[in-house]
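Peer 1: Pasting in a structure now, in structure tokens, and then I'll have a few things to ask.
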Amino acid sequence: MLEADGLILDMDGVLWRGPEPLPGLVPLFETVGRLGIAFVLATNNSTRTVKQYVDKLDALGVQVEPERILTSAGAAAGYLLRLGGAGAGVYVVGEAGLVAAMESGGFHRTEEGADYVVAGLDRGFSYQKLATAASLIRGGARFVGTNPDLTLPTPDGPRPGAGAILAAIAAACGVEPTIVGKPEPLMFRQALARLGTRPDRTFMVGDRLETDIEGGRTAGLGTILLLSGVTTTGQLAQSTVQPDWVMEDIRALADALGG
């Protein structure tokens, strides 16, 4: 039996794959609720808003409060607020989720004299955005990245991810970004603060060794790899990053939690 006070759950590859829920989604949350286990849903995806995730879960039969969803965009806003940046000017390279997180954090978007350049996946990325971001950073703006994922999976194969855009900006200005998303510790600290649980009684549940599992281990959490996403048993066998538990999917997780 797996004993836990808190869970940090990745979403894509754990709760669903693309538009389709993975088997056992509703029973997992019923089990977590019955046992009184605190949870946060944490994703490196900065393109979607918290409301979009709430609505998606609701459509799949699970009601989740917005405070239980932590995106890398939200983590970036939290990081800037802890730096004392409330009301600061921010140049955003990103999509709706990152824009909404910055606006809800009380920052104002600007292309002139920005205090911060915050960048994530931006499928409308252009030379002009690259030039503006690099110029602002060279002028003293602090460079913050949502997550380091170089690629993201699509039905047509891997496509450039946020990490590729960060690399382009870094090459243009000579400054590396501060990363807030997994596997860096900032996002895990924010998740633990929301949970109010001890790291040694909290588990990171994910499908990626290099972000979910590596980051969870670095943060002092227990780690659970689910084989319902991108990591295969062959990749696991060859990796130096090893989880504490390996399970097939969220049905196995619910069974382990429920005894």
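The values are calculated or read from the model by the stated rules, or taken from the named source; none is laboratory data. Values in this document were obtained by computation on a predicted structure and should not be read as measured data. Here the Cβ positions follow ideal geometry from the backbone for every residue, glycine too, while neighbour counts run over all protein chains shown.
Peer 1: Just for the range 109-130: of the residues that are on the phi < 0 side of the Ramachandran plot and exposed (fewer than 12 other Cβ atoms within 10 Å of the Cβ), which one is farthest from the chain's Cα centre (by Cα)? Don't jump to the end; show me each part of the working.
Peer 2: Step one: of the range 109-130, the residues on the phi < 0 side of the Ramachandran plot are 109-112, 114-130.
After this cut, where a residue has to be exposed (fewer than 12 other Cβ atoms within 10 Å of the Cβ) as well, the list is 112, 123-124, 126-128.
Numbers: GLU112: 29, ARG123: 18, GLY124: 21, SER126: 24, TYR127: 26, GLN128: 27 Å.
Among those that are on the phi < 0 side of the Ramachandran plot and exposed (fewer than 12 other Cβ atoms within 10 Å of the Cβ), it is GLU112.
Peer 1: I'd like the full set of residues that are part of a loop (DSSP other than H, G, I, E, B) and either small (Gly, Ala, Ser) or touching a Ser or Thr at 6+ places or on another chain (Cβ under 6 Å) (or both), limited to the range 1-16. Please lay out each step first, then the result.
Peer 2: Step one: filter the range 1-16 for residues part of a loop (DSSP other than H, G, I, E, B), giving 1-5, 10-11, 13-15.
Listed by number, the residues that qualify are ALA4, ASP5, MET11, GLY13.
Peer 1: Another question, if that's okay. Report the residue count in the range 17-73 for those that are touching a residue at least 24 places away in the same chain (Cβ under 8 Å) and assigned to a strand (DSSP E or B).
Peer 2: The qualifying residues number 11.
Peer 1: Out of the residues in the range 131-163 that are more than 20 Å from THR71 (Cα to Cα) and hydroxyl-bearing (Ser, Thr, Tyr), state the one that is surrounded by the fewest Cβ atoms within 10 Å (Cβ to Cβ).
Peer 2: Restricting to residues being more than 20 Å from THR71 (Cα to Cα) and hydroxyl-bearing (Ser, Thr, Tyr), the top hit is SER135.
Peer 1: Being over 20 Å from ASN45 (Cα atoms), out of contact with any Gly (no Cβ under 8 Å at 6 or more places or on another chain) and at pLDDT 95 or above: is that true of GLY174 here? If you could, list the steps in order and put the result at the bottom.
Peer 2: Values: over 20 Å from ASN45 (Cα atoms): yes; out of contact with any Gly (no Cβ under 8 Å at 6 or more places or on another chain): yes; at pLDDT 95 or above: yes.
Spelling it out, GLY174 is indeed over 20 Å from ASN45 (Cα atoms), out of contact with any Gly (no Cβ under 8 Å at 6 or more places or on another chain) and at pLDDT 95 or above.
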